Structures are given as C-alpha cells and as structure tokens.
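The values are calculated or read from the model by the stated rules, or taken from the named source; none is laboratory data. As the structure is a computational prediction, the values presented were derived from the model and not from experiment. Cβ atoms come from the backbone with ideal geometry, glycine included; neighbour counts cover every protein chain shown.
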Amino acid sequence: MRIFKDNLAKRLMQTLTLASLLIIALMGAGLYYKSSAIIRVSSVWELLSTSEWSPLAGKFGFLTFILSSIYVTVLAVVIALPVSLLTALYLTEQAKSWVKKLVFPVLDILAGIPSVVYGVWGILIIVPFIADVLGPYFVDYTSGYSMLAGGVVLSVMIIPLLVSLFVEIFSTVPHDFKEASFSLGATRWQTSRRVVVRKAMPGIIAAVVLAISKAFGETLAVLMVCGNTVRKPESLFDSCYPLPALIANNYGEMLSLPMYESALMFAALVMFVIILIFNAISRIILQRVEKSFKL
C-alpha cells in the first residue's frame, strides 16, 4: 500500500508538472495563432526592426515599443537593485529585532498596493518633480511623463519584492561561514560583501530575474506616467511607449481596422517570447554562477 501511494504521488506530481508546461505551450500557440494574420502580411523581421506605427495605413513597426519596454525595465532594475540589496543586507546582518518588526510589515503593505495607486503617486509626485525640478537642469523642456518617471515608479514597485527575496536568501547562508570570517579579522561589512553576498549569488540572480519578469510585464502604473508617445526615447526625459501600455491602451478599440487585433496579439507574443528567452538565458548563467561561487 505504501509503494502504491508513493507511485500515485509521483504520477500526480509528474502530471501537474506537465500540465504547467502545457499551459505555457498553449499560451504561446494561442498568441501565435491570433497574430498569424499580420505575420503572413509582413515578415517577423520587418515587424521587429521598423518603427513606423500607422494602423490606418496598415503599418505596424514594433521597434519603438520594444525599446521602450527594455529601457524602462533596465532603468527600474538599475535603481531598485542596489537599494534592495543594501536594505536586505542591513535587515539580515545588522538590524535590531524591533527594526525588522517595523520594516517587514511595511514591505508587505507596499507589495500589496495596487499598481494604479503607484501610478497616481507617480503622476502627483514624480512627474511634477521631473518636469519642474530635475528636468530643467538637463533638457530645455520635459512634460515629466517620461522614461525616467516610468523607471522610478516601476523600481519602487519591485523594491518590496526584491528586499523580501534577498532577506530570505541571505538568511539561508550558514552562520558558520560568518563566524569563520569574523575569526579571521574581517569586519561586518567585509563579511557581508565577501561571504554572504558571494554565497547567495545564485539566489540573487534568480531574484533579479523574477523582478525583471514582473517589471517587463507591468502595465497600468507605467502606462500612467510614461507619456505613451510613439517615438524612440533618446534620453531619460523623453516619453516612451512600452508594449504592455500599447496593448492596454488599444485592445478593444479600433479593432475593426484590418490587422489591428492581430498586431496587438503579436505585441503580446513578442513579450511572451522575450520573457521566455530571458529566463532561459538566466538559467544558463545561474548554473555557471553556482559552480563559480561555491565556497
């Protein structure tokens, strides 16, 4: 009976694993099917490498939207990563218990705030600050609805996620490693940097990958502060138009135009493929890092 239960549990877990993979495959197949109409008219390379966006004329170039998505996501991670990493190190290695009791509930609250609230906060605080205070030092004019505003708002959204993940990762580092470092005369900061971070590097990479995936697909908050102008952003103070904002702004409207729905589904397919490729590459890098950073 015990062997039967073990085999049953094994089969059940295998079935659920295959089901999760099947869901991903069905999503990809569905998006490809819905976007096949525009792929038959224009080559994939033409759609990805051109910037002209004129649905009335049947011109659908996605390069501007792809670049905007990448720029905003990279900017958000660049801002959020050092803040999250240092915060997590402090909470794990130096903070007193009362500080942890205060900060952890705040992180949970920040993680649970709807994205529209972050968008409104960006409109009320970040956009005017960029337009009236920061922007005049660098450009002649900016409305504040810019790639920088999107990156800042998005970074604040992913900081709670990164801090929570980093704290859990750093907590798994064996205490013996830290004691050995202290016994050799290392300071607390040197131990955090050379022992804790080094040992936790594979987990850090995995957490960053998860945050990038979340940031790349974020829609509402970015839509509200990026300006949504169809042009290639040339500076941080230019408006941009990420792929999620394109889909959210236009799906359900003007779908009577030829190829318009197919074009929006192709945008969703591009996002789907980019995230899959990025996660596949990150897994390869993660495997190599796990071998390189073993103590």
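Quick look at the numbers
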{"read-out": "Elements of type helices (runs of 4 or more DSSP H) contained in the stretch 154-245, each with 1 or more residues being touching a residue at least 24 places away in the same chain (Cβ under 8 Å) and among the hydrophobic types (A, V, I, L, M, F, W, C)", "value": "175-183, 201-217, 220-225"}
{"read-out": "Members of the stretch 217-236 that are touching a Ser or Thr at 6+ places or on another chain (Cβ under 8 Å) and surrounded by fewer than 23 Cβ atoms within 10 Å (Cβ to Cβ)", "value": "Thr219, Leu220, Asn228, Thr229, Val230, Arg231, Lys232, Pro233, Leu236"}
{"read-out": "Subset of the stretch 62-91 (residues that are under 19 Å from Ala111 (Cβ atoms) and polar (S, T, N, Q))", "value": "Thr73, Ser84, Thr87"}
{"read-out": "Per-region count, the stretch 29-62, residues among the aromatic types (Phe, Trp, Tyr) and within 17 Å of Asn250 (Cα to Cα)", "value": "3"}
{"read-out": "Selection status of Gly119, on the phi > 0 side of the Ramachandran plot and touching a helix residue (DSSP H, G or I) at 6+ places or on another chain (Cβ under 8 Å)", "value": "no"}
{"read-out": "Residues being surrounded by 11 or more Cβ atoms within 10 Å (Cβ to Cβ), at pLDDT 85 or above and of a type outside the set (Ser, Thr, Tyr) - total across the stretch 81-98", "value": "7"}
{"read-out": "Enumeration of residues in the stretch 223-239 that are touching a Leu at 6+ places or on another chain (Cβ under 8 Å) and closer than 9 Å to Ser68 by Cβ", "value": "Lys232, Pro233"}
{"read-out": "Enumeration of residues in the stretch 162-185 that are closer than 18 Å to Leu86 by Cβ and of a type in the set (Gly, Ala, Ser)", "value": "Ser164, Ser171"}
{"read-out": "Which listed residue is in contact (Cβ under 8 Å) with a residue 40 or more places away in the chain and either in contact with a strand residue (DSSP E or B) (Cβ under 8 Å, 6 or more places away or on another chain) or not small (Gly, Ala, Ser) (or both), from Ile3, Ile39", "value": "Ile39"}
{"read-out": "Qualifying residue in the stretch 18-28 (condition: touching a Lys or Arg at 6+ places or on another chain (Cβ under 9 Å), surrounded by 10 or more Cβ atoms within 10 Å (Cβ to Cβ), in contact (Cβ under 8 Å) with a residue 40 or more places away in the chain and not β-branched (Val, Ile, Thr))", "value": "no"}
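This table checks each residue for (1) of a type in the set (Phe, Trp, Tyr); (2) without any contact (Cβ under 8 Å) to a residue 40 or more places away in the chain.
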| position | (1), (2) |
| --- | --- |
| Ser51 | no, no |
| Pro55 | no, no |
| Phe62 | yes, no |
| Ser84 | no, no |
| Lys96 | no, yes |
